[in-house]
Amino acid sequence: MKLPIFKPFAQTLEDNALDLRRGETHTLQVNTGLLCNLSCRHCHLSAGPGKTEVMERQTVAAVIACARRLSFAVIDITGGAPEMNPFILELLSGLAPLTPRLVLRSNLVAMSGRRREEILALCRVCKVVITASFPSLNEAQTEDQRGAGVFARSLEILRHLNSLGYGREAGGLELNLVSNPAGAFVPSGQQAQERQFRQVLRSKWGISFNHLFSFANVPLGRFRDWLERRGIYDDYVLRLANAFNKNSLAGVMCRSLISVAWDGFLYDCDFNQAAGLSMGGVRRHINDLRRLPEAGEAIVVDDHCYACTAGAGFT
Ligand code: SF4
């Protein structure tokens, strides 16, 4: 068997006398399912059209009940495309009164069709933060990752969000963007990218937003398949490993977050969910979550954790 050319992530931690353990848990991330209108190349969950893994009404109710009995400073709804979940309005309206910060992640182009105005009206009333994927300012690069026509449609939806007050100084509604590299490399600095996106989006298309987050692609799911087909999986993970930054560990999301999957089972983060690694190494359902994990409790790690700790890391 061919040995990987990179050191296991756990070994890197040990060699640096580091440990990855929980701090204060304050965020609940809710994955509404793998159904999506796109099949992006970088998707670590391999989400796409035709996927049947979708959060059902009783799991939505279990998530709302959990948010009621435990306190979360942030609740972050993600997918797949959350807009395609048939119970998204119930989820949003049930969670909004239970947290000071409710976030809806969107690929933008799922925000179309008959239900769009209903979802957006509820988001405005509840001051839901919208965090939208907008990988690149380059149309060809974007469409190579996400499909034909996605770039122009994303711009159109960003303009619509701006017209509703999202991402506008006076609007009081937060609109954030998420970018990621077009291929198998570590992203450049987030602050410089944010400045560039702000300048280009405003000058070329009159679009504004609040913050930009820049993430490395995580070598799982469809992105891992893509790397393996090209024979560059090891090279990519090695590149991430060579950029390991021990200072990034303090800010990785698993230290403060619980990720609940479409079927109600719990993970330390969305990436461990994609890798099938249960929260703290124990398979547990949200119905059984009676207390938040305590500071110092174990987090399950694997080699995909290099994507969170390369360069400036994930925040
Ligand atoms: S992949 Fe998950 S467990 Fe690993 S460092 Fe990132 S957030 Fe933490």
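Between region 131-183 and region 85-122, the C-alpha centres lie 17 angstrom from each other.
For ARG69 and ARG101, calculate 0.36 nm times their separation in residues minus their Cα-Cα distance, and state this gained length in nm to one decimal.
Values: separation 32, 0.36 × 32 = 11.52 nm, distance 1.67 nm.
Residue separation times 0.36 nm, minus the Cα-Cα distance, leaves 9.8 nm.
Considering only DSSP beta bridges with both partners in region 142-291, what is the antiparallel share in %, to the nearest 5?
Details: 4 of 9 bridges.
Beta bridges within region 142-291, antiparallel portion: roughly 45 percent.
When only alpha carbons are used to place a centre, region 1-46 and region 255-303 end up 12 Å from one another. For region 154-188, the residues whose backbone nitrogen is under 11 Å from a point 7 Å from the Cα of LYS127, taken along Cα to Cβ, are 172-174.
Among rounded, prolate and oblate, which fits region 1-116 when a ≥ b ≥ c are the square roots of the eigenvalues of its C-alpha gyration tensor, a/c under 1.5 means rounded, and a/b larger than b/c means prolate?
Values: a/c = 2.66, a/b = 1.37, b/c = 1.94.
Oblate.
Take the Cβ atoms of ARG230 and SER188, set R0 to 22 Å, and the FRET efficiency comes out at 0.50. Applying a DSSP loop filter and a limit of 16 other Cβ atoms within 10 Å to the trypsin sites (Lys or Arg not before Pro) in region 195-254 leaves ARG230.
Dividing the summed -39500 (n - 2.57) terms of all DSSP H runs of n ≥ 4 by the residue count of the chain sets its mean residue ellipticity at 222 nm at -9500 deg cm²/dmol. By the Cα gyration tensor, region 81-130 has an equivalent ellipsoid whose semi-axes, rounded to whole angstrom, run 17, 11, 10 from largest to smallest. Within the chain, the proportion of Cα pairs with more than 36 Å between them is 14 percent.
Test of the criteria: in region 8-117, which trypsin sites (Lys or Arg not before Pro) are in a DSSP loop and have at most 11 other Cβ atoms within 10 angstrom of their Cβ?
Working: sites: ARG21, ARG22, ARG41, LYS51, ARG57, ARG68, ARG69, ARG101, ARG105, ARG114, ARG115, ARG116; in loops: ARG22, ARG41, LYS51, ARG114, ARG115.
Here the trypsin sites (Lys or Arg not before Pro) that fit, given the DSSP loop and packing criteria, are ARG114.
Of all DSSP beta bridges confined to the chain, the antiparallel ones make up roughly 20%. For GluC sites (Glu not before Pro), the sites in region 56-133 that DSSP calls loop and that have at most 15 other Cβ atoms within 10 Å are GLU56.
The tail of the calculated P(r) for region 224-291 beyond 13 Å holds 71 percent of all Cα-Cα pairs.
Coordinate-derived values only; no laboratory data. Since this is a predicted model, take the numbers as computed values, not measurements. Note: ideal-geometry Cβ built from the backbone for every residue, glycine included; neighbour counts use all protein chains shown.
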